[in-house]
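Here's the structure we're looking at; comments come further down.
The values are calculated or read from the model by the stated rules, or taken from the named source; none is laboratory data. Just so you know, these numbers come straight off a predicted model, no measurement behind them. Positions of Cβ are generated from backbone atoms using ideal geometry, with glycine treated the same way; all protein chains shown enter the neighbour counts.
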Protein chains: 6
Amino acid sequence: MRLDELNWMDVENYLKQEDRLMLVLGSCEQHAYLSLLADTTIPLALADAASQRTGVLVAPALPFGISPYFTAYPGTISLRASTLLDVVEDILRSVYRSGFRRMLVLNGHGGNQAARARLVEMANELAGLRLAWYEWWLSHSVETVALKYGLKPSHASWLEAFSFVQVSDLPDEPKTPPAYKGLLDAEETRDLFKDGSFGGPYKVDQAIMDEMFNTAVEDILNLLDF
Amino acid sequence: MRLDELNWMDVENYLKQEDRLMLVLGSCEQHAYLSLLADTTIPLALADAASQRTGVLVAPALPFGISPYFTAYPGTISLRASTLLDVVEDILRSVYRSGFRRMLVLNGHGGNQAARARLVEMANELAGLRLAWYEWWLSHSVETVALKYGLKPSHASWLEAFSFVQVSDLPDEPKTPPAYKGLLDAEETRDLFKDGSFGGPYKVDQAIMDEMFNTAVEDILNLLDF
Amino acid sequence: MRLDELNWMDVENYLKQEDRLMLVLGSCEQHAYLSLLADTTIPLALADAASQRTGVLVAPALPFGISPYFTAYPGTISLRASTLLDVVEDILRSVYRSGFRRMLVLNGHGGNQAARARLVEMANELAGLRLAWYEWWLSHSVETVALKYGLKPSHASWLEAFSFVQVSDLPDEPKTPPAYKGLLDAEETRDLFKDGSFGGPYKVDQAIMDEMFNTAVEDILNLLDF
Amino acid sequence: MRLDELNWMDVENYLKQEDRLMLVLGSCEQHAYLSLLADTTIPLALADAASQRTGVLVAPALPFGISPYFTAYPGTISLRASTLLDVVEDILRSVYRSGFRRMLVLNGHGGNQAARARLVEMANELAGLRLAWYEWWLSHSVETVALKYGLKPSHASWLEAFSFVQVSDLPDEPKTPPAYKGLLDAEETRDLFKDGSFGGPYKVDQAIMDEMFNTAVEDILNLLDF
Amino acid sequence: MRLDELNWMDVENYLKQEDRLMLVLGSCEQHAYLSLLADTTIPLALADAASQRTGVLVAPALPFGISPYFTAYPGTISLRASTLLDVVEDILRSVYRSGFRRMLVLNGHGGNQAARARLVEMANELAGLRLAWYEWWLSHSVETVALKYGLKPSHASWLEAFSFVQVSDLPDEPKTPPAYKGLLDAEETRDLFKDGSFGGPYKVDQAIMDEMFNTAVEDILNLLDF
Amino acid sequence: MRLDELNWMDVENYLKQEDRLMLVLGSCEQHAYLSLLADTTIPLALADAASQRTGVLVAPALPFGISPYFTAYPGTISLRASTLLDVVEDILRSVYRSGFRRMLVLNGHGGNQAARARLVEMANELAGLRLAWYEWWLSHSVETVALKYGLKPSHASWLEAFSFVQVSDLPDEPKTPPAYKGLLDAEETRDLFKDGSFGGPYKVDQAIMDEMFNTAVEDILNLLDF
């Protein structure tokens, strides 16, 4: 259940029995052949699935994240790190004010990890606030699934190629991951990664994707028990 | 067409022939019996309708706005004014970097008007950037429709009761708008407005809503011609 | 009575019997043939008049506002929106610390409306703070006076041509308001508005100006009763 | 000549022959028996006098400064250091945009010295900008006058007791300066300094005040030659 | 060679032949029985070693980082994330202005990873700037050494117990790593981790430590070749 | 005793009996022939000496300060004023959280004086916090020593030429201080001051330097008694 399906009275009723909330942080950035919103859509889909089984509410997903390295790819929208942290703080203060106390942040984008610092600062300040943080592609259980099939996770590869973020055909042949040193700026990143994938197969069997997805949902169900 | 239906290559192709983009600013705040996301959903629906007729792309809607007066209503998520302005700046710089030059901002929430100042600051800085700003409920043509039916616009009343933001039944009887002076804080606002509507009928004929919607879409089509 | 006529002991005595204060927000921006400080001088004159009849203190006027659209006109001094909000917050915290509790903000410049968001944020935070906001040129009663004489308000026109902000002769012939769409940047604004007036007559009978002024003072007296 | 006596066309004409401007930074803070605005009124009076002899324009004085140590005295309005620096930056960028190139900042308040850092940052960024900074009470020539009469400068003493900032009678007997160590907070400051003067005589002969004033004006005339 | 052994003329000479610089980001936070400055001292020691073999200059280490989770341990000094990012930006702009172009950032503290976002933003802005980032304890080669000896890295354990950060005796017995879910606030962190170590042995053979250190130095030498 | 020689348990023990702390603010900026870190090294040496006689702890020195005027000299690293103030605030909040209550700030760099404003703001906010501020080169007692030997203090001259900041030979002949008016930007500063010294002898007898140093230590011992 998402906030947009409710009015404030529904939320007030919900809070009489429950104080958990899922917050989704995404991005709008190049994902090679996949949707620009993949990092938003995937964690939101996971949140919806977890919500269906627990009834825990899902706040509106933030569809922008920290992506300075991808701004040479058209369609990428990058927030400054300071901006993202402020957005996260404001969201957190607001839902705390509403009465929510246990927030599970489902982050869909590696570049957003800077937000963790602000989350802990908030937890130090707001009495009774409890926070959890989940990044599906870094989860040990999801990684185990990948290893089982001899697959390695990487940006904009098979890893993120869920059917619901496919917006065009995907190449059949895997891509050799380019080698590099140092922190690349936006131009260097595009020069190096060309189509934007960081390498490996572009797609795998639907069954593997389903297994990955279900594993991540199980992780979330486990984390929601806090 | 929304950005989430595209990958970056699609956007690159789009930009070879077109440099317009619609940006949607919303809010997540109490709307009495209507969806908490009404201010996001309505301008996004208008953008989608205008996009269908022009092919102009729609960026992901920002589902949070400046709503400090409503934070005593659960489910309201308010950004500080400074945060919203930073988000708007970052979005604008990013899409300008992508190559977009004419941006129509569809603002769905009165509290976001502070963002206009930052928009003009950006226009002063970024060469060739052209901006337009539209708030459907303040439009002269939409107001004319309302007047024709003897209706007055107000927050969370019939004005916003489009079918796609109705999440519960609406009261049959109109509400008398409460009188007040000064700027209210969040507690005073809830004490005064109780269910959250600012007064007037809660709903009107579907035909009127359609006429309002279509009028706003015409406004947008006109504004997109810049 | 203005703060500059007092020392701190006078203010301490004042606060034993009274907790109201008038704050004036202005601007320093082009007003065609009128004084660059018109937006500061007019609300300050209104405040002085209201102070004379009520004894309510007037804080020093802030002579700068948010005017990014006018920076191509020499003499315009524009604060970033974020700066103005910070100034307003600091002033408010300081006078609250002094013991003032009811503040009437007399805003003389449309571009400053972004400050309202910060005011409400402050009201949410500072217990017992009560705020009111007044913009004379948007007041229903002042508008009624204008309508009575068939006049329409617009920037740097007859509306603001009080004798005390006239610094040069005013054109005899009215100006046709230029038409435009979208948000203009500073260069476009100057190109379009040339002398800076947004159109209409440059001056009207002194009696009308007096009626306008007195009407606005009555509004303020009414608002001070909060 | 102050900006409020001019319209933008006057400034445009002025800039054809001259690019100097005087900026006045003041404060609104306790000055014992003197006006709360003493730090604003004094440098503004000096600027007016220098303007009369040179024709150099005077921008609107900023009537607020950094005064955190005095906030326990009612009527004191203190800006955060960060706020003042932002205001100073915005003013500087605006007048630079207008075409002014040589700015003499007349600072009336010791607490504002933090602004110097931002001024140099601006000078590093804005090509051709030239800045000077003057604080009348720290001037060597003014100090020489004081020494000649065996007087020592201190806050809210004879030093600032110009007739135009006197708003009440002044004590006849001098005050013994209180001794202290460390940085005092606002409460400690009021506890220690009681009436707010930092000590010494509260007033001296008008002739001395005139000599001080004229000496400072000469300093400014000298500095304007840059 | 560190900057404090040089004057500006030395740096000017250095820049005639070389444009590389090592920047050290540290922290001042609890490390159980080890020095509060371990995260600063270790990367600085690595930088010194690499400097001795390459002549590349070492900038002054920043001895504070982002440590909000450890503030319940006395002696921990935590910068807000926004502050650290600003410091990093200012350092980078300054050394770029000096003429350095290739900067290797040696980060000693996991909490500082938020700074990477700002670094990429800077790389996008400053032409010709090249950046590399190294965290010794996350290096693949260092991890390989640990695995060889069956050791797992964790905060304030054997991993960081270099002789030069030992300030007291270390426990002989290893610690069982406490289990937890979610993001802990400062109080919860101290309650859970007690002495502050995240678990494992507190010390290992000096030879292993030397091998770790030398491996990290080799990594740095390799990275400096960019 | 410096924090880097301790672990958190040592600090906890220290705080059972003592709540004083010395904080050192420095800079990394041109000092003519002297070390770029002179402004950091000198106050740190003073702090160490005072610590040896009192046992009062010394926090890690901040090796960067506000030096926009010196950025044309290679090796100078300048923080924006706003950044320094934020660092100082974060340090202060952290050590206050640890339990320290009396902080003596030893500032080694004139440009850092802007930080005083933030310190007082903190003192107003944090109950029981007591602050002192010391700048050795402005101290009356140190000035008296200089006067005794007919010496005048100035940047990068004999005044700062302690043996422990000498990194190269010093000129034998004194330098005539260059004359100037106004605030210089970075380029003008280098053009004017050439080698970077503000004038006077480059060195004096070691005995004078010792007397200066000891006098400053006495000042600090006196200030620590608060």
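Out of curiosity, is A:E121 of a type in the set (D, E, K, R) and closer than 30 Å to A:K203 by Cβ? Even if it seems obvious, please write down each step before you answer.
Details: of a type in the set (D, E, K, R): yes; closer than 30 Å to A:K203 by Cβ: no.
It is false that A:E121 is of a type in the set (D, E, K, R) and closer than 30 Å to A:K203 by Cβ.
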Of the residues B:Y202, B:Y134, B:Y180, which single one is hydroxyl-bearing (S, T, Y) and under 30 Å from D:R97 (Cβ atoms)? B:Y134
Residues in segment D:170-197 that are under 23 Å from F:V105 (Cα atoms) and touching a strand residue (DSSP E or B) at 6+ places or on another chain (Cβ under 6 Å): how many? 2
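Does E:S163 satisfy the condition of being surrounded by 14 or more Cβ atoms within 10 Å (Cβ to Cβ) and closer than 18 Å to E:I208 by Cβ? Steps first, please.
Working: surrounded by 14 or more Cβ atoms within 10 Å (Cβ to Cβ): no; closer than 18 Å to E:I208 by Cβ: yes.
Considered against the rule, which asks whether it is surrounded by 14 or more Cβ atoms within 10 Å (Cβ to Cβ) and closer than 18 Å to E:I208 by Cβ, E:S163 comes out as no.
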Lone qualifier among B:A61, B:A117 - being among the aliphatic types (A, V, I, L, M) and crowded, with 24+ Cβ neighbours inside 10 Å: B:A117
From the set of residues in segment D:48-66 that are of a type in the set (A, V, I, L, M) and over 24 Å from D:K203 (Cβ atoms), which is nearest to the other protein chains (Cβ to nearest Cβ)? D:I66
Residue list for segment B:178-194, filter: of a type in the set (K, R) and at pLDDT 95 or above: B:R190, B:K194
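How many residues, within segment A:67-87, are in contact (Cβ under 8 Å) with a residue 60 or more places away in the chain and either crowded, with 24+ Cβ neighbours inside 10 Å or at the interface with chain B (Cβ under 7 Å from one of its Cβ atoms) (or both)?
From segment A:67-87, those in contact (Cβ under 8 Å) with a residue 60 or more places away in the chain are A:68-73; that's our starting set.
From what is left, the residues that are either crowded, with 24+ Cβ neighbours inside 10 Å or at the interface with chain B (Cβ under 7 Å from one of its Cβ atoms) (or both) are A:68-71, A:73.
The number of residues fulfilling the criteria is 5.
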Scanning segment B:175-213 for residues that are of a type outside the set (A, V, I, L, M, F, W, C), exposed (fewer than 15 other Cβ atoms within 10 Å of the Cβ) and farther than 29 Å from C:A114 by Cβ gives B:T176, B:D205, B:Q206, B:D210
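For segment E:170-177, does any single residue satisfy the condition of being under 21 Å from the mean Cα position of the chain (by Cα) and modelled with pLDDT of 95 or more?
We begin by selecting, within segment E:170-177, every residue under 21 Å from the mean Cα position of the chain (by Cα); these are none.
So far as segment E:170-177 goes, no, none of its residues is under 21 Å from the mean Cα position of the chain (by Cα) and modelled with pLDDT of 95 or more.
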Out of F:D210, F:D191, sole residue that is out of contact with any Pro (no Cβ under 8 Å at 6 or more places or on another chain), free of Cβ contacts under 8 Å to residues at least 12 places away in the same chain and more than 19 Å from F:S35 (Cβ to Cβ): F:D191
Check on F:W133, of a type in the set (F, W, Y), touching a Lys or Arg at 6+ places or on another chain (Cβ under 7 Å) and at pLDDT 95 or above: yes
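Scan segment F:97-111 residue by residue and report those that are under 23 Å from D:A115 (Cα atoms), more than 9 Å from chain D (Cβ to nearest Cβ) and crowded, with 20+ Cβ neighbours inside 10 Å. Can you show your working first?
As a first pass, look at segment F:97-111 and keep what is under 23 Å from D:A115 (Cα atoms): F:105-111.
Still in the list and also more than 9 Å from chain D (Cβ to nearest Cβ): F:106-110.
Of everything in segment F:97-111, those that are under 23 Å from D:A115 (Cα atoms), more than 9 Å from chain D (Cβ to nearest Cβ) and crowded, with 20+ Cβ neighbours inside 10 Å turn out to be F:L106, F:N107, F:G108, F:H109.
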Among the residues that make up segment A:204-226, is at least one of them hydrophobic (A, V, I, L, M, F, W, C) and at pLDDT below 95? yes
List pairs: first in segment D:125-154 and on the phi < 0 side of the Ramachandran plot and within 10 Å of chain F (Cβ to nearest Cβ), second part of a strand (DSSP E or B) and hydrophobic (A, V, I, L, M, F, W, C), Cβ under 6 Å, 6+ apart or cross-chain? D:L131/D:M103; D:L131/F:L183; D:A132/D:L104; D:W133/D:V105; D:W133/F:L183; D:Y134/D:L106
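Out of all the residues in segment E:1-52, which are in a strand (DSSP E or B) and surrounded by fewer than 24 Cβ atoms within 10 Å (Cβ to Cβ)? Talk me through it step by step, then tell me what you get.
Within segment E:1-52, the first condition is being in a strand (DSSP E or B), and the residues that meet it are E:2, E:20-25, E:28, E:31, E:34.
Answer for segment E:1-52, where residues must be in a strand (DSSP E or B) and surrounded by fewer than 24 Cβ atoms within 10 Å (Cβ to Cβ): E:R2, E:R20.
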Considering every residue within segment B:6-21, establish whether at least one is under 19 Å from A:V88 (Cα atoms), in contact with a Phe, Trp or Tyr (Cβ under 8 Å, 6 or more places away or on another chain) and not hydroxyl-bearing (S, T, Y). no
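Return the residues of segment E:93-123 that are in contact (Cβ under 8 Å) with a residue 60 or more places away in the chain and out of contact with any strand residue (DSSP E or B) (no Cβ under 7 Å at 6 or more places or on another chain); say none if nothing qualifies.
In the first step, residues of segment E:93-123 are kept if they are in contact (Cβ under 8 Å) with a residue 60 or more places away in the chain; the result is E:95, E:98-109, E:111-112, E:115.
Selection gives E:S98, E:G99.
So which of E:S141, E:S94 ends up being buried (at least 21 other Cβ atoms within 10 Å of the Cβ) and either of a type in the set (S, T, Y) or modelled with pLDDT under 95 (or both)? Spell out how you get there, then give the answer.
Details: E:S141 fails: buried (at least 21 other Cβ atoms within 10 Å of the Cβ).
Just one listed residue meets the conditions, E:S94.
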Residues of segment F:1-45 satisfying the condition of being touching a strand residue (DSSP E or B) at 6+ places or on another chain (Cβ under 8 Å), within 7 Å of another protein chain (Cβ to nearest Cβ) and in contact (Cβ under 8 Å) with a residue 60 or more places away in the chain: F:V11, F:Y33, F:L34, F:S35, F:L37
Residues of segment B:79-98 being over 21 Å from A:L36 (Cβ atoms), of a type in the set (A, V, I, L, M, F, W, C) and assigned to a helix (DSSP H, G or I), in sequence order, are B:A81, B:L84, B:L85
By residue number, the members of segment A:148-194 that are assigned to a loop (DSSP other than H, G, I, E, B), under 19 Å from A:G75 (Cα atoms) and among the small types (G, A, S) are A:A156, A:S157, A:A161, A:S168
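Just give me the residues in segment D:155-192 being among the hydrophobic types (A, V, I, L, M, F, W, C) and within 14 Å of chain F (Cβ to nearest Cβ), in sequence order.
The answer is D:A179, D:L183, D:L184, D:A186, D:L192.
Which residue is nearest to D:Y180 (Cα to Cα), if the candidates are limited to segment D:53-78 and must be of a type in the set (F, W, Y) and part of a helix (DSSP H, G or I)? Full working, then the answer.
From segment D:53-78, those of a type in the set (F, W, Y) are D:64, D:69-70, D:73; that's our starting set.
With the extra rule that they be part of a helix (DSSP H, G or I), the set shrinks to D:69-70.
On the way: D:Y69: 14, D:F70: 16 Å.
The residue in question is D:Y69.
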